[in-house]
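Take a look at the structure set out below.
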Amino acid sequence: MNRPAKKYAHTRLLKASFGLLVLCCLGMTGCTQLVAPINSIPANRIPPEFLSPPRANAETIDFALLGQEKPANYTLDEGDVLGIHIATIFGDETQPPIVQFPAPESDLNPSIGFPVPVRENGTISLPLIDPLPVRGLTVPQVEEAIKRAYVQKGQLVDPKVIVTLMRKRTYRVVVIRQDNQFFNQQQNFRRLTAPVTDRTDESARGFVLNLPAYENDLMNALAQTGGLPGINAKNEIKILRAARNQAERQARLQGNYSIPAGRAFPYQMGMGGGATENANVVIVPLRLRPGQAPRFRPSDVILNEGDIVYVESRESEVYYTGGLLGGGEWALPRDYDLDVLGAVAIAGTTIGVDRQSLIGGLAGQARVPPTQLIVLRQLPNNQQIAIEVDLTEAVNNPRSRLLVAPRDTLILRYKPEEEILNFASGTFFTFGIRELFR
């Protein structure tokens, strides 16, 4: 009569011990949901301003927009040098005029006469007449103006004047490029498929260019410094306008680093910055989405004296992984979108079944893969937001596939029910089968 009671008591003790063991294991080692909770928001409840803007479907702009249209006739301005020959004024009338040949790389014809520069006020200085304004005139128009000036002054009755363009004015600009053009395609592909751990030297390279008039545009500056930016650079180019004097330079510095009062996070600022909207900084995008028109004007790509062209590196456009994905830093693609499924796959973890579950299944021990992905997204003012993505739902519903943004941190975790199932199945196959055969 006592044997069934003892057996029942033994069963109750076994169940209680098993339950206590489950709780201890979940609380001490297994269940990260209990000891390290993360307050997160489901991906379908995130406001649109916190989402990463899409990069796919963007088209390369017409590169003709990066240059300027050359006029039919060259017009003069400060810095031009004219070759002028006036009989009886420059030398003896019986002697031939001086002929000078341009540099081999120049597109100018040989010039005739003495060099006469165009001054800062747009005038030229010639003997026996007042300073002659030539700004905005063509070479034939200057020739006629010189003849009239000498006739009106009574110096010459029928002056013989020859005017040629000896040297074009140039604009000194600086080009700073952080896209290392010496990377080959294999190295670029490796950076997209391997952690960014072994960084190479991507220091900026600087160029000082003297661009002739009507060639002082963004396209010529890029062509002379290595061509269009590669995939290591952002899809935009910044032009920093030069200041004429110290007062203007100080005013521009104040404007670059000040943020208007109405643009504080989180309402008007969003995910962008304030300095990019400064009038002294021109941003020229290289790719635009369909239906999106360029916001820069034709005059914005013309470079003036002292301007700086800045091609910025994409080194900061990375995302990080942690948790069951393992620690890593990965480069984001430049011209197409990367969602959370692709980011998890790049990190080396398959979706729906992992290596451990496959091995465990062959050994008779089933294992539920992790499906909870926490995306920590950086916000302005040193804030962040935690976004929860259900990988199972993301596989079945493309709308649930959150796009990865620069500086995101992806943490893969087990859900509470997944940890309980894994622990229960492991305990059953370890201890339960043994008890059945006892």
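Bear in mind these aren't lab numbers, they're just calculated from the coordinates by the rules spelled out. On a predicted model such as this, the values are computed, not experimentally measured, just so you know. Because the Cβ atoms are built from the backbone with ideal geometry, glycine has one as well, and the counts that use them run over all protein chains shown.
The share of alpha-carbon pairs in the range 80-139 lying farther apart than 16 Å comes to 52%.
Per-residue Cβ neighbour counts within 10 Å put ILE61, ILE86 in the sequence ILE61, ILE86, beginning with the fewest. Residue order for TYR319, TYR214, TYR171, fewest other beta carbons within 10 angstrom first, comes to TYR214, TYR171, TYR319. In this simple spin-label approximation, THR75 and ASN57 carry label points 7 Å from Cα along the Cα→Cβ vector, and these lie 4.3 nm apart.
Distances between placed amide hydrogens fall under 5 Å for ARG169 paired with ASP80, VAL81, ALA213, all partners being 5 or more residues away or on another chain. Here r is the Cβ-Cβ distance between ASP130 and VAL208 and R0 is 45 Å; the resulting FRET efficiency, rounded to 0.05, is 0.75. In order along the range 94-108, the phi-based Karplus estimate (6.51 cos²θ - 1.76 cosθ + 1.60, θ = phi - 60°) of 3J(HN,Hα) comes to 7, 9, x, x, 6, 10, 10, 9, x, 5, x, 7, 7, 9, 8 Hz; Gly and Pro are listed as x.
Of the residues LYS160, LYS168, the one with the fewest other Cβ atoms within 10 Å heads the list, and the complete ranking is LYS160, LYS168.
The amide H of LEU126, built 1.01 Å from its N in the peptide plane, has LEU132 as neighbours under 5 Å, considering only residues 5 or more places off or on other chains.
Take ARG289, project a point 7 Å from its Cα along the Cβ direction, then tell me which residues of the range 52-86 have their backbone nitrogen under 12 Å from it. Zone members listed by number: 52-59.
Each residue, SER425 and GLU315, gets one label point 7 Å from its Cα in the Cβ direction; the gap between the two is 4.5 nm.
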